[in-house]
Structure formats: structure tokens, C-alpha cells
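Accompanying notes for the structure given below.
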Amino acid sequence: YTLCYEYFKWRYEPILVDLIEVDDAISIEAHQKISSIIISEDKDLKQIPGYHFDLKEGIIHYIDHDTADAFLKLQMLTGDQCDNIPGIKGIGPQKGLSLLIKHQYDVNKCYEEKGYPESELKMKSKHF
């Protein structure tokens, strides 16, 4: 990890940010620059389309817009324990994916089926 970090710091110009969360800054930067590569173990960044460097496997892979959108919608159903965002009770990744497929990736319909009001979804979407 350290060697990889030092190389990218030497090879590319790092961006320092204040007043916004790092994942927001990375998302903004990735959308502005086609040649960017996201290097992070933070799973939340999988909702950003583009190139990602996997630190564990040492490979670069591409996340397209549809995959990034699907990951975001899945998180809206399952929640995010690291960020203290609760999901739909009893919904993990497998059930969440099944629910999304059933409703053609319409998160509103997923929430409706589970008896959650639209206001709950609106509140959650502010966190993602």
C-alpha cells in the first residue's frame, strides 16, 4: 500500500480538500476528468463510474454508469453501517439485488413493497 501511495503521489498531483467529504471531492473530480483513477478501499466509491485501482488485487477495473447506479440503489436498500445509515429491515445484498431486479431497479417500488413511505426514501437519498 505504502509503495503504491508514494508512486501515485509522485506521478500525479494530489488534491487536498477542506469543508466537504473526501468521497464527494473524489466524485466531483472523477466526473470532471476522464483520465482519473480512483484509489480507495472505501466501497462507497463504487457508486462513481470510472476507473478504480483495487489495492488488494493490484489491478485497475472500470465501473460503468449502470453498475455504479445499481450499487448506489443497492446501498439505498441495504443501508451503510459504516456511515450509520439504516437500510430496510431484513434486506442484505442478495435480497436487495433480487428486489431491485424484480422492480427493474426502481428503488421507489422496492420501498413501497416493503411498506416504507416515500419520505423515508427521500431522507435516505440525501445521505448517498
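The values are calculated or read from the model by the stated rules, or taken from the named source; none is laboratory data. Predicted model, so just to flag it, every value in this text is computed and none were measured. Positions of Cβ are generated from backbone atoms using ideal geometry, with glycine treated the same way; all protein chains shown enter the neighbour counts. Calculation scope for accessible area: heavy atoms of the full protein, side chains included, ligands and nucleic acids excluded. Shrake-Rupley method; radii C 1.70, N 1.55, O 1.52, S 1.80 Å.
Working note: Cα gyration tensor of segment 1-66, eigenvalues times five, square-rooted, sorted largest first, giving semi-axes of 17, 16, 11 Å. Rounded to the nearest 20 debye, the dipole magnitude of segment 1-69 is 320 debye, with +1 charges on Lys and Arg beta carbons, -1 on Asp and Glu beta carbons, and the Cα centre as origin. The residue among G79, I39, I59 whose Cα reaches farthest toward the positive pole of the charge dipole of the chain, with charges on the beta-carbon of Lys, Arg, Asp and Glu, is G79.
Which residues make up the longest stretch of the chain that has no GluC sites (Glu not before Pro) in a DSSP loop with at most 11 other Cβ atoms within 10 Å? Don't skip to the answer; put the middle values down first.
Details: sites that count: E21, E41, E57.
In the chain, the maximal stretch lacking such sites is 58-128.
Spin-label pair S40-K56: with each label point 7 Å from Cα along the Cα-Cβ axis, the two points sit 1.8 nm from one another.
When the Gaussian network model of the chain links Cα atoms closer than 10 Å, the mean-square fluctuations of S35, S27, S98 top out at S35.
Nothing charged except the Cβ atoms of Lys and Arg (+1) and of Asp and Glu (-1): what's the magnitude of the dipole of the chain about its Cα centre? Round to the nearest 20 debye. Mind showing how you got there, number by number?
Details: 15 positive and 22 negative charges, 84 e Å.
With only Lys, Arg, Asp and Glu charged at Cβ, the dipole is about 400 debye.
Element breakdown for segment 31-102 at a 1.4 angstrom probe: carbon and sulfur atoms account for 53% of the accessible area.
Just to be sure I understand: with springs between alpha-carbon atoms less than 10 Å apart, which residue in K56, K43, K109 has the highest mean-square fluctuation in the Gaussian network model of the chain? Maximum among the listed residues: K56.
Once fully extended, how much extra length lies between D66 and A25, figured as 0.36 nm per residue of separation less the alpha-carbon to alpha-carbon distance? Provide the component values of the computation, followed by the final result.
On the way: separation 41, 0.36 × 41 = 14.76 nm, distance 2.11 nm.
In short, 12.7 nm is gained.
A 1.4 Å probe run over the chain, with the rest of the protein chains in place, finds 74 Å² accessible per residue. Computed over the chain, the per-residue total of -39500 (n - 2.57) for DSSP H runs of n ≥ 4 gives a 222 nm mean residue ellipticity of -14000 deg cm²/dmol, rounded to 500. Three semi-axes describe the equivalent ellipsoid of the chain; taken as square roots of 5 times the Cα gyration tensor eigenvalues and ordered largest first, they are 31, 15, 13 Å. Here the Gaussian network model covers the chain, with springs between Cα atoms less than 10 Å apart; of I48, I26, I15, I15 fluctuates the most. Of all beta bridges that DSSP places with both ends in the chain, some 70 percent have antiparallel geometry. The residue among G92, Y5, I26 whose Cα reaches farthest toward the positive pole of the charge dipole of the chain, with charges on the beta-carbon of Lys, Arg, Asp and Glu, is G92.
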